[in-house]
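Reviewing the structure listed below.
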Amino acid sequence: MSLRPDKSDDHRLSPEPWKSSDPWGSPGSKHHHFGGSKHHKAPGAYPPSPFSPDAQISAPHSLSAAVKARKSEYVRKKSMKIKIGTWNVASISGTEKDLGAWFVGGYGMRGLSQNMTGLTVDDDEADSDSDQNIESIEAQEARVRATKKQPTVPKNDVPGEASGDQIDLYVLGLQEVIDVSSMTEAIKPFTDPNPGKKWKRALKRALPPGYVKIAEEQLLGLLLLIYASPELAPSIGSVNTTSVGTGLMGYLGNKGAVSARLMLAETTRLCFVNCHLAAGADQTALNRRIWDTTQILNRTRFAPVSPDGEVVESGEESIGDEDFAFWFGDLNYRLDDIPGEDVRRLLLLHTRNEYDLENKSKRRIDSELGYVSPPSSDAVNHQKTHYEYNDAERPATASEAEPPLDPKSDPASLQTTIESLLAHDQLRRQQRLHKAFHEGWREGDINFLPTYKYDVGSVGMFDSGEKKRSPSWCDRILYRTRRDKETYEEKTKQLEEARKKDESLKARGIDQATAEHDVLFDYDPETDGLGYGDDYDEYDEQEDARHDAELVRTHEDYGDIIQLNNYTSHQRVLSSDHKPLDAVFTLTYDAVIPELKAKVHQEVARELDKAENEGRPALTVVVESHQSDEPISNADGAADVNAVSFGEVRYGVRKIRIITIANTGQIAASFSFVERPAESGEESLVAPQWLEVKADPDIMRQPEKGRGNVTSPMTLSPGETTSIELVVEITEGKLVQELNNGETKLEDILVLRIEHGRDHFIPIKGTWLQSAFFRSLEELVQAPDGGVRMLQSTESAESSGKGSRNHHSAPKELYALTEILPIYLERSTAEWGMIHDGQTPPWQYETVGISWPFSQHTWTFHEGEERSDLLAGIREAMDTARPLDTNFDPDVPCIVKLEVLAETLVKFLQSLHDGIISAETWSEVERRMITMERGKVEPSREGIQDMLMDPLSHHPIRSVSFTFITFLLTRMINELVPYGAPSSGSTVEAASSNTSRRSRASTMSSETGTEPSIYAEEAPGKRSLFSALRRRPTQSHSSSSGSMAAEFDIAESERRKRLVNAFSDIFAPIVIRSENDDRPKGKEKKALETRKKKVLEAFLDDRQP
């Protein structure tokens, strides 16, 4: 294999690794000639040369430049061979059978006279036994005519060029793999990949084992395939392919190009373009080919590439940004100003001598040339292999009368004929006129017959059909280096400057004064020699040495060498009317050794960090430890030491963690938290929605209420410290749902950014405990026996085939709440009379007392940390399926327990997804109620009940749950009805917000303590909460006082109505849900609320539990 380090000084094709003193180009040229601003603006470019005295290695942005300055430590010279092949298969079936033989095997070139090949072969090699054993042309054509199932290359052939595993990169361009002349195929808006599969299979079978497909691109009939050897493939990256259609309407794919760009060993960009340009020999077709070429150049775009993995800010790359470009395919350029029939006859004179006298192709060629038919077969000596000419008939090269002539000097040689025809080649003329392929593109010497057009199955019979198309070199392989392009641009720039200078001189009339002295030089060098046939008389030093090994400075500032080894057609491939064409290049390049570069990169990064850390601000972050009393510093510690752990996180339970930030550097340090990207329309925050960040208000602006968005920078002087408070309190419904469903995790990272310093990454972790809140009834009835807290472990057990879920008729949490509330209501009313005699109970507060214990305005125990702890205890019991009063302290009064249980019930019902009466059920009930309202029909209480229970009966879980609620409220109403307003003269107004709350300390004061009044008008009395129980004074009513009994019944009925109305106000909106809960306003909203209350009141009014 050729892919290996080049260690031999005798065979070195490239200089030592690039240094600033190494000349590139002509003497006197400056380094920036190849690496100027335009060069550095290209995608993936390095900063200014690291060898420049101005390079600042210590700057943070110069890491890549510093690494590149040591490239001699990780770059090694390697050489590789690239074979580029192109073939127009004319959509002929069976052509794929020849692909492996000529493209990979190198067959189809030998067995011809040296005059017919483009090879430079030694005499000894030409006369070798292997060449003598190759199947003759006559036998080959006869075999091809007899069968179509075998390859058409000659039998016993030997390779005529580098082949097999001698090639490191195979690049194949095919044209017309489908019939693009068919209008049906040409107008297809898509590419059918199926025709290309047989070509991929054929190529894969022919390649040596281990070769890897690097790139593939197809555009209708155009197909580009690139395969690399197993040694080369790992060093190829940044592969990008694209296609450009220039056919019908200028965009369809019957004509156009497919291209690929790749990066070799992180140093060298290669670009390959396979094209099929417009056909035709007239001027219109020529103009269209020029237009096609321009379109391909302008519309071919590749993704930007950066070998060092840096962010590329520039746009896409195009043809011209690479280091080496190869343009090949059926360019369709023809011969101008020469009759096609003359070209055919001239070339047939050379090809006829390759056939035996009896060969059909020989006789057809003789017929085309107008020769007399050969003698009959009886007069022919069958022992002769070739027809014998006398000396007068022999070509100059074959005559024995004189010594053999050099083909270049022999006017009758094929090479002389080819050179004379190439003077009429359209492509070369367009290059000279700067109309196409003039920007540095070049081509190897053409020493082979035209590749188009032949009779299928013939070695040398040009088109004998009706059209008798003129032979042409339609199939070409062009290439260009970066140096070629830059040299052309520099030359163009100089010519433009000279033109402007001449125009300036003419404008000032200076040219007239020297007109006589310029007579001898009055000619245009740009047009001199354009006459056909004159170009070979000129001597161009660059043209003469264009195929020698050339040193090219690549885009990444490396020195590579490319050399053209072989450029020829495979004349003995007979399956298409085009002859396949290939070129072999040797590329010696600087290859980056990844392991060595990684080592250098690590060393450079360490040195830069050391230099930068000496003058950069430094902060140390200390995270509060919950495993020990001592904080753990994370200045140089592991990442897990720096993690903030909130442990187990429960719904509605507030948790706080503290991190301390200290300036341990030598200079002042400014820092802030980095905002995370937000979706469109959302605010960018420094922390996730479940985390609140609070800083010292004296040095950092605080976020708005409810926001964890501390973004303003804060500054610490050396030695100063500050604390940051991290708070987690999960109460938002959507977030609780996501946590319950596992859609969101309590895991995140805060980024603390130090200005001109390194970032600190602070991991935040927490374990969410499943909650019964913000779920649907259907979820809750499937909770395990251990409560919703066990849902996670139950799901894991089910996934492993163990465990199962229960199914209850209603949520156990709802059942437990509705069972325990009446019990504590009875205890609270009894306890109040025994220990608070003479004080107005909360259920008798005027205006708000009627909604006790569900309204916060009536609570006797204030909102605060103690109440939050009691609520958390109830929720914990609900989630773990334990008795709800398990977590109550025995010293807590019953009325406090009742109030927190009532609050829990209200919040639990509010959190239920779709409530108890779903929006779907309610829509049916509301529709019937609206119909009755429009008919001015007042429904009865029984009618309303039936109206709801009919649709609700289809949802047993909701029906049972609704029954629990209505029974609970009815039972509490019945319990509270007897405890009406106080006797006349003792009317009590609701306490103010400041005095109507009772702390646990005041409610549970010691026996000698003072119990404050719950309303401002009364003076506090000294009594113990746990003093001797006293009986509530009973009110005696005379049985004979009928009027008093009637008044009492009226008062009781009135109180019941007020209780029903108050409870309905609280529970109707949270029990019954509507699709329009958030949308209606004004009258519509009031009407909706009235209907809901009417439905719930129908189940509470005069109902006995």
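The values are calculated or read from the model by the stated rules, or taken from the named source; none is laboratory data. Quantities reported herein were computed from a predicted structural model and do not represent experimental measurements. Don't worry about glycine lacking a Cβ; one is built from the backbone with ideal geometry, like all the others, and counts go over all protein chains shown. SASA here: full protein model, heavy atoms, side chains in, ligands and nucleic acids out. Shrake-Rupley method; radii C 1.70, N 1.55, O 1.52, S 1.80 Å.
Key figures for this structure:
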| read-out | value |
| --- | --- |
| Potential lengthening between GLU490 and ASN287 on full extension [0.36 nm per residue; Cα-Cα distance subtracted] | 70.4 nm |
| Rounded FRET efficiency, nearest 0.05, which uses the C-beta distance separating LEU346 from ARG676 and R0 of 60 Å | 0.20 |
| Virtual spin-label span in nm between SER181 and ARG205, 7 Å along Cα→Cβ | 2.8 nm |
| Accessible carbon and sulfur surface of region 191-282 relative to its total accessible area, %, 1.4 Å | 54 percent |
| Mean separation of Cα contacts under 8 Å (6+ apart) over length of region 436-494, as relative contact order % | 42 percent |
| Three-way shape label, region 187-271, alpha-carbon gyration tensor, a/c 1.5 | oblate |
| Potential lengthening between GLU503 and ALA668 on full extension [0.36 nm per residue; Cα-Cα distance subtracted] | 53.0 nm |
| Ranked packing of 867-873, 578-584, 669-675, most packed first, by mean Cβ within 10 Å | 578-584, 669-675, 867-873 |
| Inter-site label distance for GLU231 and ASN565 at 7 Å from Cα along Cβ, in nm | 1.2 nm |
| Projected label distance in nm at ASP869 and GLN166, using a 7 Å step from Cα toward the beta-carbon | 9.1 nm |
| Listed pairs LYS83/LYS579; LYS1057/LYS1092; LYS745/LYS765; LYS1057/LYS1083; LYS734/LYS1086 exceeding 20 Å between Cα atoms | LYS1057/LYS1083; LYS734/LYS1086 |
| Rounded if a/c under 1.5, otherwise prolate or oblate - region 803-944, Cα gyration tensor axes | oblate |
| Region 875-950 - Rg and Dmax from Cα coordinates, angstrom | 19.4, 58 |
| Cα shape, region 856-901, gyration tensor, a/c 1.5 rule | prolate |
| Extension gain (nm, one decimal) between ASP192 and GLU316, 0.36 nm per residue minus Cα-Cα | 41.9 nm |
| Loop-located GluC sites (Glu not before Pro) in region 820-912, at most 15 other Cβ atoms within 10 Å (DSSP) | GLU846, GLU863 |
| Local electrostatic count at PHE103 - Lys and Arg +1, Asp and Glu -1, tallied over other residues with Cβ under 15 Å | +3 |
| Partner lysines for LYS188 [C-alpha distance under 24 Å; skip if fewer than 8 residues away on the same chain] | LYS197, LYS198, LYS200, LYS255 |
| Per-peptide average of other Cβ atoms within 10 Å, ordering 287-300, 944-957 highest first | 287-300, 944-957 |
| Derived scalar couplings ³J(HN,Hα) [region 501-506; Karplus, 6.51 cos²θ - 1.76 cosθ + 1.60; whole Hz; x for Gly, Pro] | 5, 4, 4, 5, 5, 4 |
| Highest average packing first - 726-733, 271-278, 767-774, 155-162, Cβ atoms within 10 Å | 271-278, 767-774, 155-162, 726-733 |
